[in-house]
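Participant: Structure incoming, see below.
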Amino acid sequence: MNRPVAVITGATSGLGRITALELARRGYRIGVVARSRPKAEALLGELRSTVGEAQADVFHADLGVTSQARRVGEEIAARYPRLDVLVNNAGLHAFSQRITAEGTAEMTAVNYLGPFALTQALTHTLSASGPARIVNVASEAARQAKTISPRQDLRRTAPYTRRESMALYGRTKLMTIMWTQELARRLDPGKVTVNCCDPGFNATGLGRDLPGSALLRRVLNTLGVGDPRKGAGIIVRLATDPAFAHADGGYFSVRDAKPLECPEPGRDESVQGELWAETVALLADLTAP
């Protein structure tokens, strides 16, 4: 394997699809983590038809189930002797509560717990491949979360309304930023750097549960609003640009890669450490016999 390798979640549509195509154009072998086999096969076809010498592999998993996230990470580590880039892009804005087979809130699982478990399973491979990069896709919606109580919020499964969903979605993205910064403190930056980004508003990122979202997406695309190429651009820059080779623990805006602060109430290192500890404990509980 002479090519650098990039693994991307949520690559079958939206920002992830554009990121996969761009990294393939830059010579990366692409590992696609996907739940839908037909969508994954369609992406492989597109990669091979638009990027002549593209090399790509598909790994099937539902990142909303942490055991599957961990298992697919182990499969990826077994397949690739080296891993240069991991992009945790898969995300979900659910407008009502859904509970996974493991008993967690689906939105929390897809947006945070699954990526955490996947990254844990790939940390050794990334470190052994250094210099490697992890890019986590967060959101400015993190500012909607006015509080964070890691133990309670990770386990929160109460029903919620469409109006209440924004703050809960924002909290999962706040967790992503907090985790990024805590993970950066725990990894050797000479081997692996980890950063996250706000990709801005993207029409493809509209919650698929929202009534009329498909029509609204078409209208916005026609008007040129929410162009996902901009959001994918910051992801690709963090994954490949030499200017970010030594950036670590950062949170960057789609607007000229401006550095952003982690929103309160998740900014303090102590609460970030608490989130880490509670996440590890919850994941252990989910795998306990």
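Participant: Per residue, what accessible area does the chain have, given a 1.4 Å probe and all protein chains present, in Å²?
Facilitator: Value returned for the chain: 44 Å² of accessible area per residue.
Participant: Here is a follow-up. Counting only helical runs of four or more DSSP H residues, what would the 222 nm mean residue ellipticity of the chain come to if each run contributes -39,500 (n - 2.57) and the total is spread over all its residues?
Facilitator: -14500 deg cm²/dmol
Participant: Using 0.36 nm per residue, how much length does the chain from Ala128 to His246 gain when fully extended, once their Cα-Cα distance is taken away?
Facilitator: Full-extension gain reported as 40.8 nm.
Participant: Kindly state, to the nearest 0.05, the FRET efficiency for Ser36 paired with Asp285, given R0 = 30 Å and r defined as their beta-carbon distance.
Facilitator: Calculated transfer efficiency: 0.55.
Participant: Trypsin sites (Lys or Arg not before Pro) within the range 102-160: which are DSSP loop residues with at most 12 other Cβ atoms inside 10 Å?
Facilitator: In loop regions of the range 102-160 (DSSP not H, G, I, E or B), the sparsely surrounded trypsin sites (Lys or Arg not before Pro) are Lys146.
Participant: Find out how many positive minus negative residues lie around Val192, taking Lys and Arg as positive, Asp and Glu as negative, among other residues whose Cβ is under 11 Å from that of Val192.
Facilitator: 0
Participant: On to the next question. If I model the chain as equal point scatterers sitting on the Cα atoms and use the Debye formula, what is log10 I(q)/I(0) at q = 0.09, 0.10, 0.16 Å⁻¹?
Facilitator: Log-scaled intensity ratios, in q order: -0.38, -0.48, -1.36.
Participant: While we're looking at this one, here's another question. Hey, rough spin-label estimate for Arg151 and Ala277, points 7 angstrom out along Cα→Cβ, what's it come to in nanometres?
Facilitator: 1.0
Participant: Let me ask another. Taking 22 Å as R0, compute the FRET efficiency from the Cβ-Cβ separation of Ala101 and Glu74 and round it to 0.05.
Facilitator: 0.70
Participant: Going 7 Å from the Cα of Asn2 in the Cα-to-Cβ direction, what parts of the range 85-124 have a backbone nitrogen less than 15 Å from that spot?
Facilitator: none
Participant: Moving to a separate point now. With a 1.4 Å probe and all protein chains left in place, how much of the accessible area of the chain comes from carbon and sulfur atoms, in whole percent?
Facilitator: Roughly 50 percent, rounded to a whole number.
Participant: Now for a different question. Cα atoms only, the range 1-142: Rg and Dmax in Å?
Facilitator: Just the Cα atoms of the range 1-142 yield Rg and Dmax of 14.5, 45 Å.
Participant: Based on the alpha carbon coordinates of the range 78-204, what radius of gyration and maximum Cα-Cα distance (Dmax) apply, in Å?
Facilitator: 15.3, 46
Participant: Another question, then. With a Förster radius of 41 Å, plug the Cβ-Cβ distance of Ser270 and Lys230 into 1/(1 + (r/R0)^6) and report the FRET value to the nearest 0.05.
Facilitator: So the FRET efficiency works out to roughly 0.75.
The values are calculated or read from the model by the stated rules, or taken from the named source; none is laboratory data. Predicted model, so just to flag it, every value in this text is computed and none were measured. Every residue, glycine as well, gets a Cβ built from its backbone with ideal geometry; the counts of neighbours run over all protein chains shown. Accessible surface areas use protein heavy atoms only, side chains included; no ligands, DNA or RNA. Shrake-Rupley method; radii C 1.70, N 1.55, O 1.52, S 1.80 Å.
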